[in-house]
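Reviewing the structure listed below.
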Amino acid sequence: MFPSVLFKDAKALESVKVSEEAFEDLFLGRLIDLTVKGRERYDLKPFFTMPVRDEETIVYRQEVARDLEDPEVRKVVLEFSKGMVAVHQYLQMLERLDYEYNKKGWFLEAVLEYCRTVKVFSESLERVGLRSEGLKRIREYLIGYARSPEFSSLFEEALRVKEGLSRVRYCLIVEPGKFSVKPYKGEKDYAVEIEAFFSKFKEEDRIGEYSFDLVKGIGMSHVEAKILDFVRRLYPEPFEELDTFCENHRGFLDEVILNFEREVQFFLAYLDFIEPLRERGLPFCYPEVRTSVRDEFVEDGFDLMLVHSLTGKIVTNSYRLDGIERVIVVTGPNQGGKTSFARMVGQIHYLACLGLPVPARRAKLFLVDAVHTHFEREEHVQNVRSKLEDDLLRMKSIIDSLTPNSLVILNEAFSSATLRDSLDISLRVLEKLLKIDCFVVWVTFLDELSRVSEKVVSMVALVSPQDPTVRTFKVVRKRADGRAYALSLARKYGLTYEEVRRRIRR
Amino acid sequence: MKVYLMYPDRDFNLKKELPPHAMDLVKDLGFDVIVQHMSRGDEFLRNVAMNVLFYPEKDTSVIRYRQEIVKDCLEHPDVVRRLYQIPISIKESKRKRWWGVFGWKTPNNVLNGARNALEAMLGGLKELRRIADENLEKFRSRGFKRFFEMLQEELDDEYLSKMGEHLENLKFQKGVLLSVRLGKGNEGEDHTLSKPRGKNWFQRIFEREKVFSYKLHPRDEIGSKVLESIVNLGLKDIATNVAIAADHVESFFNTLQLELAFYVACLNLVESLRAIGISFSFPEVFPTNEERIVFRNLKDIALALSQGTNVVGNELEAERKRLFVIMGANRGGKTTFLRSVGQAQIMAQAGMFVAAESSSLSICEGVFTHFRRREDANLKKGKFEEELERVSKMLDHVSAGSLILFNESFSSTNEHEGSEVAHQIVKALIDSGVRVFYVTHMFDLARRFLDDEKVVFLVAERKENGERTFKVKEGKPTETSFGLDLYREIFEEKEEVFPS
């Protein structure tokens, strides 16, 4: 196996199963779309949709990502990527060109760009400090490659041929319906003379804006080809050298370098995506990941997609699951940040399994084998019965596939049923989940769920103590008490028992 | 090639926006009328006049420099108006012939447009030279002398004829010669254009050098388009340079128009003032710290111009005074006096004349007004609160050495409150080096300044028989109100002389 920054060795990896629903409910699809946007040429989605349950691989990638966060390393890699993009563009362009010496000229440019890029990259990598095994392997490979006699001779030859061509200078006389080509004989630039003549009117602070859009499309027409033909007859030698060069170096790209070019974009895409969020002061970290220990904690985590769409101040949330704790029941007012909290838990687990930094200040995570979601689905409403039926069917299929290592996230499940039904069903489902001993986040208005077992942790979305209509979006570990919120709202509007009694005139 | 008619050593630039309080000055001091007479409905003149007036010049040497030029203008109005006509004619011809470019902004199009523009402006430059030759000896101001001398020196005959030659060359009637290098993909780059060398230039080349030629098929339209685009590459630099040159020459004319506009506006105003017999003079200006203010027969020209007749003037002579409290008879000419002071200060600092027999004054950092606005009763806030808000906003822009004209400020509340607030504000202002004129009925306010030696008290005069002279004279305030006068006037004498 050749050096890779994504995989340490060729062994088969256990992937994390993420249901289609979970992918949608946690906004992972949108997250990935935004992340790979502008990098379509690298086809990165397969990497982003393959979370792995393997401590070694995750740590291997985390190290690479950490290295790439170093501005020095990042700059070097970006320069490399930019150069390689140009190489590919030149080579793709060749196929669309019509004239031989035009094509050969661009082939030479592609080789030059490639050689420069590789050389600069290998030299720069020697200069920067690397910690990750992944990048060190790439560096080792590149240094060897750049020093090989094949590469050296490719580069030298290309430079020599280019040098010969760029010394050519000719004159073109254009008359109506006719053009002529002759050697250059030191003709002077008229524009310079004109500028000097009018300089007395010049004003320091004013510069004319005359940038013409003359980005002449690359490629040649028959007229330019004819001109080039005349030029070749005036100066034949450099073109003969070009002929030889093209013949000798057809397939010059290296496979390992091409593979690295693609893989490293996986990291860069994500780091670029979170960069503006970090600038807003939002924390990201490399979580400690385990398959053996089932304790978890997240400090100052947040819903990555929520912050991406919001501009204001962002509220972060923390949780921990110690010992036998497996279930988080989240209660509190609507629009209070409960769903965002649930999404955050899912996103953090998913991103951790990609080996990328997660949206939190600090995190220690259990590596789950699957992520399932059961969110309320409004689009499926036909009648109450069919909706509840659909809810239950979905729940059933989730439970059937769960292992003690899975994570399941429920959001207002069974809310279409009557309160009594909903509570009965929920308690039963919860009992099953507790028996499986998997990880659960359950957003609900049913306080009772939070008091079922020692394994259950109750968390509540808070409102402002001064004004109960103001959400704080803070979700904290707290005993669930749905009525406290309702009472304080009533007081604000003068609708408590005493208030209403006093206001009603006798 | 600098015009330098507004400043001895720099260009005059029109600011896009007037200072925030400018509209208050227009409204409160009657500058709408004055500027109307300066501009005669011309938007450009109006804009320039407002800019010069409401960004007061603080350098006395600049003010004197402009005064000299205004004097020259008064002596030779026809020459000045003829000069002003040159940039205007050039603009007209630009509008008619449209030098600009239709469709694509190619170098060829830009080059032709700019070349035509320069050809038209060459005519203007020649006319300027002629006027300079004729008038250098007749003008006395440093500004005009320098300007005419510069024209003679920079636009000598050789330069003007050489310019004609270049403009002829730039037509490229025979074709072009470009030198080119091989760039990426062996495609041409660095196209540079050579200077045309006489009629048989190409002929001579074809006879002497190794040349490959190719004639396009007459129906090869793509081919000729390509050739055209290559020529455009070669014309890029020269088109840029010619266009920049045209821009620069045009901007010279624009500057000329801009800097003359102020003086033309002055000429317009002088004609209006002379028509109603208002005399004017050039003020002596002093630095701010001399705190001098002297007027002989100073008039409110906004009032005079809008009435179309001459009006009563006032005198004032004060040195090292900060506060001028004006009290007295209602409709006795207090507001008129206040306006004439503001007008004179602003016009003097623009470098203009003032409507007084003589005057001398220290320049100030800025002129501000706070007139009671009876009309804009703000319903959301109380009137008093609205006044305080306006004063507070104004003070954001006031600095030491400024002049503030208050007219009946804080009279929207009772005198006790009003004078307390006003006193604290005014006292703070004068102690900070701001010059204040305050028209008020509030005796309680005036009383608090009675012993201050930096304060001058002025009273709208009323004769023994109760007749008002519309003159404001020095005198300590008395606590009688003259409201009864007004009552009488309205209910007994129906003649209305002054607009309110």
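Out of all the residues in segment B:229-239, is one or more free of Cβ contacts under 8 Å to residues at least 60 places away in the same chain, surrounded by fewer than 16 Cβ atoms within 10 Å (Cβ to Cβ) and under 28 Å from residue B:114 (Cβ atoms)?
The answer is no, given that none of the residues of segment B:229-239 is free of Cβ contacts under 8 Å to residues at least 60 places away in the same chain, surrounded by fewer than 16 Cβ atoms within 10 Å (Cβ to Cβ) and under 28 Å from residue B:114 (Cβ atoms).
Out of A:178, A:188, I need the residue that is farther than 30 Å from residue B:220 by Cα, in contact with a strand residue (DSSP E or B) (Cβ under 7 Å, 6 or more places away or on another chain) and surrounded by fewer than 16 Cβ atoms within 10 Å (Cβ to Cβ). Which one?
On the way: A:178 fails: farther than 30 Å from residue B:220 by Cα.
None of the other options fit; the residue is A:188.
Counting only residues that are more than 7 Å from every other protein chain (Cβ to nearest Cβ), more than 16 Å from residue B:190 (Cα to Cα) and modelled with pLDDT under 80, how many does segment A:183-226 have?
Qualifying residue count for the region: 4.
Can you go through B:149, B:92, B:137 and tell me which one is without any contact (Cβ under 8 Å) to a residue 60 or more places away in the chain, over 30 Å from residue A:164 (Cα atoms), away from chain A (no Cβ under 14 Å) and not in a helix (DSSP H, G or I)? Spell out how you get there, then give the answer.
Values: B:149 fails: not in a helix (DSSP H, G or I); B:92 fails: not in a helix (DSSP H, G or I).
Just a single option satisfies the conditions, and that option is B:137.
Residues that are within 22 Å of residue B:407 (Cα to Cα) and in contact with a Leu (Cβ under 7 Å, 6 or more places away or on another chain), at least 1 per element: which strands (runs of 3 or more DSSP E) completely within segment B:281-374 meet that?
Working: elements: B:284-286, B:292-298, B:314-319, B:323-328, B:358-362, B:367-371.
Filter on segment B:281-374 gives B:292-298, B:314-319, B:323-328, B:367-371.
Looking only at segment B:152-188, which residues are away from chain A (no Cβ under 11 Å) and not hydroxyl-bearing (Ser, Thr, Tyr)? Don't jump to the end; show me each part of the working.
To start, the set of residues in segment B:152-188 that are away from chain A (no Cβ under 11 Å) comprises B:152, B:156-158, B:160-161, B:164, B:168, B:171.
If the condition is that a residue be away from chain A (no Cβ under 11 Å) and not hydroxyl-bearing (Ser, Thr, Tyr), then B:152, B:156, B:157, B:158, B:160, B:164, B:168, B:171 are the ones that fit.
Cβ-Cβ distance below 7 Å, separation of 6 or more or different chains: which pairs start in segment B:264-275 with a residue that is more than 22 Å from residue B:87 (Cα to Cα) and end on one that is part of a helix (DSSP H, G or I) and among the hydrophobic types (A, V, I, L, M, F, W, C)?
Note: pairs meeting the criteria are B:270/B:74; B:272/B:305; B:273/B:301.
When segment A:227-238 is examined, which residues are found to be more than 8 Å from chain B (Cβ to nearest Cβ) and touching a Phe, Trp or Tyr at 6+ places or on another chain (Cβ under 9 Å)?
A:229, A:232, A:235
From the residues in segment B:11-29 that are under 12 Å from the mean Cα position of the chain (by Cα) and of a type in the set (D, E, K, R), which one is nearest to residue B:373 (Cα to Cα)? Working first, answer last.
Here is the first cut: in segment B:11-29, the residues under 12 Å from the mean Cα position of the chain (by Cα) are B:12-18.
Checking which are of a type in the set (D, E, K, R) leaves us with B:15-17.
Details: B:15: 28, B:16: 27, B:17: 24 Å.
Across segment B:11-29, the extreme among qualifying residues is B:17.
Give segment B:202-212 a look and list any residue that's more than 9 Å from chain A (Cβ to nearest Cβ) and of a type outside the set (S, T, N, Q), or say none.
Kept after step one, since they are more than 9 Å from chain A (Cβ to nearest Cβ), are these residues of segment B:202-212: B:203-204, B:207-208.
Residues satisfying the conditions are B:204, B:207, B:208.
Scan (1) crowded, with 19+ Cβ neighbours inside 10 Å; (2) assigned by TED's automatic domain parsing to the domain that holds residue B:263; (3) touching a Lys or Arg at 6+ places or on another chain (Cβ under 9 Å); (4) under 27 Å from residue B:279 (Cβ atoms) for the single condition residue B:117 breaks and write down its number.
Result: residue B:117 fails condition (4) only.
Among the listed residues B:242, B:231, B:226, which satisfies the condition of being within 14 Å of chain A (Cβ to nearest Cβ), in a helix (DSSP H, G or I), of a type outside the set (Asp, Glu) and in contact with a Lys or Arg (Cβ under 8 Å, 6 or more places away or on another chain)? Don't jump to the end; show me each part of the working.
On the way: B:231 fails: in contact with a Lys or Arg (Cβ under 8 Å, 6 or more places away or on another chain); B:226 fails: in contact with a Lys or Arg (Cβ under 8 Å, 6 or more places away or on another chain).
The conditions single out B:242.
Residue B:215 is checked against (1) surrounded by 17 or more Cβ atoms within 10 Å (Cβ to Cβ); (2) at the interface with chain A (Cβ under 7 Å from one of its Cβ atoms) and fails just one. What number does that condition carry?
(1)
On the given criteria, is residue B:181 closer than 23 Å to residue A:189 by Cβ and outside any helix (DSSP H, G or I)? Outline the logic, then answer.
Details: closer than 23 Å to residue A:189 by Cβ: yes; outside any helix (DSSP H, G or I): yes.
Answer is yes for this residue.
Listed residues A:257, A:218, A:274; which is within 31 Å of the chain's Cα centre (by Cα), within 17 Å of residue A:110 (Cβ to Cβ) and either in a loop (DSSP other than H, G, I, E, B) or β-branched (Val, Ile, Thr) (or both)?
Matching residue, one of A:257, A:218, A:274: A:257.
Check segment B:189-201 and report whether any residue there is at the interface with chain A (Cβ under 7 Å from one of its Cβ atoms), at pLDDT below 90 and over 47 Å from the mean Cα position of the chain (by Cα).
The answer is no, given that none of the residues of segment B:189-201 is at the interface with chain A (Cβ under 7 Å from one of its Cβ atoms), at pLDDT below 90 and over 47 Å from the mean Cα position of the chain (by Cα).
Could you please let me know if residue B:369 is at pLDDT 80 or above and out of contact with any Pro (no Cβ under 8 Å at 6 or more places or on another chain)? Reasoning before the result, please.
Details: at pLDDT 80 or above: yes; out of contact with any Pro (no Cβ under 8 Å at 6 or more places or on another chain): yes.
Answer is yes for this residue.
Just for helices (runs of 4 or more DSSP H) wholly inside segment A:22-141: which have at least 1 residues that are closer than 19 Å to residue A:269 by Cα and free of Cβ contacts under 8 Å to residues at least 40 places away in the same chain? Explain how you work it out, then say what you get.
On the way: elements: A:28-36, A:45-48, A:55-69, A:71-94, A:100-127.
It comes to A:28-36, A:45-48, A:71-94.
Just give me the residues in segment A:289-313 being over 19 Å from the mean Cα position of the chain (by Cα), surrounded by 17 or more Cβ atoms within 10 Å (Cβ to Cβ) and modelled with pLDDT under 95, in sequence order.
A:294
Testing residue B:269 on (1) more than 18 Å from residue A:180 (Cβ to Cβ); (2) at the interface with chain A (Cβ under 7 Å from one of its Cβ atoms), one condition comes back false. Which one is that?
Going through the list (1) more than 18 Å from residue A:180 (Cβ to Cβ); (2) at the interface with chain A (Cβ under 7 Å from one of its Cβ atoms), residue B:269 breaks only (2).
For segment A:139-157, enumerate the residues that are within 21 Å of residue A:240 (Cα to Cα) and buried (at least 17 other Cβ atoms within 10 Å of the Cβ). Spell out the reasoning first.
Residues of segment A:139-157 within 21 Å of residue A:240 (Cα to Cα): A:153-157.
Passing the criteria: A:154, A:155, A:157.
Could you please find all residues in segment B:152-172 being surrounded by fewer than 16 Cβ atoms within 10 Å (Cβ to Cβ) and not in a helix (DSSP H, G or I)?
Within segment B:152-172, B:156, B:171 qualify.
Of a type outside the set (Ser, Thr, Tyr), assigned to a strand (DSSP E or B) and closer than 21 Å to residue A:134 by Cβ: which single residue out of A:298, A:329, A:264, A:289 fits that description? Explain how you work it out, then say what you get.
Working: A:298 fails: closer than 21 Å to residue A:134 by Cβ; A:329 fails: closer than 21 Å to residue A:134 by Cβ; A:264 fails: assigned to a strand (DSSP E or B).
The match here is A:289.
Inside segment A:397-422, can you point out the residues that are modelled with pLDDT of 80 or more, outside any strand (DSSP E or B) and either in contact with a helix residue (DSSP H, G or I) (Cβ under 6 Å, 6 or more places away or on another chain) or surrounded by 12 or more Cβ atoms within 10 Å (Cβ to Cβ) (or both)?
The first filter runs over segment A:397-422 and keeps only residues modelled with pLDDT of 80 or more, leaving A:397-413.
Among the residues that remain, those that are also outside any strand (DSSP E or B) are: A:397-405, A:412-413.
Correct list: A:397, A:398, A:399, A:401, A:402, A:403, A:404, A:405, A:412, A:413.
The values are calculated or read from the model by the stated rules, or taken from the named source; none is laboratory data. What you see is a predicted model; the values in this text were computed from it and never measured. As a convention, Cβ positions derive from the backbone with ideal geometry for all residues, glycine included, and neighbour counts pool all protein chains shown.
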